[in-house]
1. Please state the relative contact order of region 6-62 as a whole percent: Cα pairs under 8 Å, 6+ residues apart?
2. Take S137, S113 and sort them by solvent-accessible surface of the protein heavy atoms, 1.4 Å probe, largest at the top.
3. Could you tell me which chymotrypsin sites (Phe, Trp or Tyr not before Pro) in region 43-116 are loop residues by DSSP with no more than 16 other beta carbons within 10 angstrom of their beta carbon?
4. Is region 74-137 rounded, prolate or oblate when judged by the Cα gyration tensor, a ≥ b ≥ c being the square roots of its eigenvalues, rounded requiring a/c under 1.5 and prolate requiring a/b larger than b/c?
5. Find how much the distance from L48 to V87 grows on full extension, using 0.36 nm per residue of separation minus their present alpha carbon separation; answer in nm with one decimal.
6. Read through the labelled values (i) 9, 31, 23, 22, 13, 2; (ii) 10, 21, 21, 31, 15, 2, 0, 0; (iii) 12, 45, 34, 9, 1 and report the label of the one computed as P(r) over Cα pairs in 10 Å bins from 0, in percent from the structure.
7. Could you provide, to the nearest whole Å², the per residue accessible area of the chain with probe 1.4 Å?
8. Quick one: with all protein chains in place, what share of the accessible area of the chain is carbon or sulfur, to the nearest percent (1.4 Å probe)?
Amino acid sequence: MKSISFDTTNAICGGLFVATGAFFAIQSLGLDLGTAVRMGPGYFPLVLAGVLVLLGAIIFIQALRVEGEPIGLFAWRGMFFILPAPVFFGLTVRGLGFAPALFFTAFIACFASQKMNVFFAIILSLLLTVFSVGVFSYGLGLPFERFGPWVRF
């Protein structure tokens, strides 16, 4: 008799996706759904929740078909650099402005990878900042300050 083996990481992720999707699907049923032509406020969340449940089920089923690697050590470095980055952005975007706050946020987040060095972190942060300012400020015309009161030129 063949024992059942599965990929624990994907099984946990698939189960979390299904549970999260089911929670939001149940919550969206309390809103007016409307029709496909005239959608109510609960229609789109219900569709997204259904997609999340479907993707979670696919991931969970795939986890039962293959044996995966055991769950490794907790990635403290990633948590230490990724989690504070958006908090830093939120606290400094009004004072520094969009461009400097985004540059420093990307710079902080770059060091979540052990392979990143300072030179490439600066290049990546600069490219991301130029692209984001181009898209959001010039392309979409969003009204925010590129440089805030802390860094006036």
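The values are calculated or read from the model by the stated rules, or taken from the named source; none is laboratory data. Since the structure is predicted, the reported quantities are computational estimates derived from the model, not experimental observations. Glycine gets a Cβ as well: all are built from the backbone with ideal geometry, and neighbour counts include every protein chain shown. Please note that ligands, DNA and RNA were not included when accessible areas were found on the heavy atoms of the full protein model with its side chains. Shrake-Rupley method; radii C 1.70, N 1.55, O 1.52, S 1.80 Å.
1. Over region 6-62, the number comes to 50 percent.
2. S113, S137
3. Qualifying residues, ordered by number: F74.
4. Verdict is oblate for region 74-137.
5. On the way: separation 39, 0.36 × 39 = 14.04 nm, distance 2.69 nm.
Computed gain between L48 and V87 is 11.4 nm.
6. Of the labelled values, this structure produces (ii).
7. 73
8. 75
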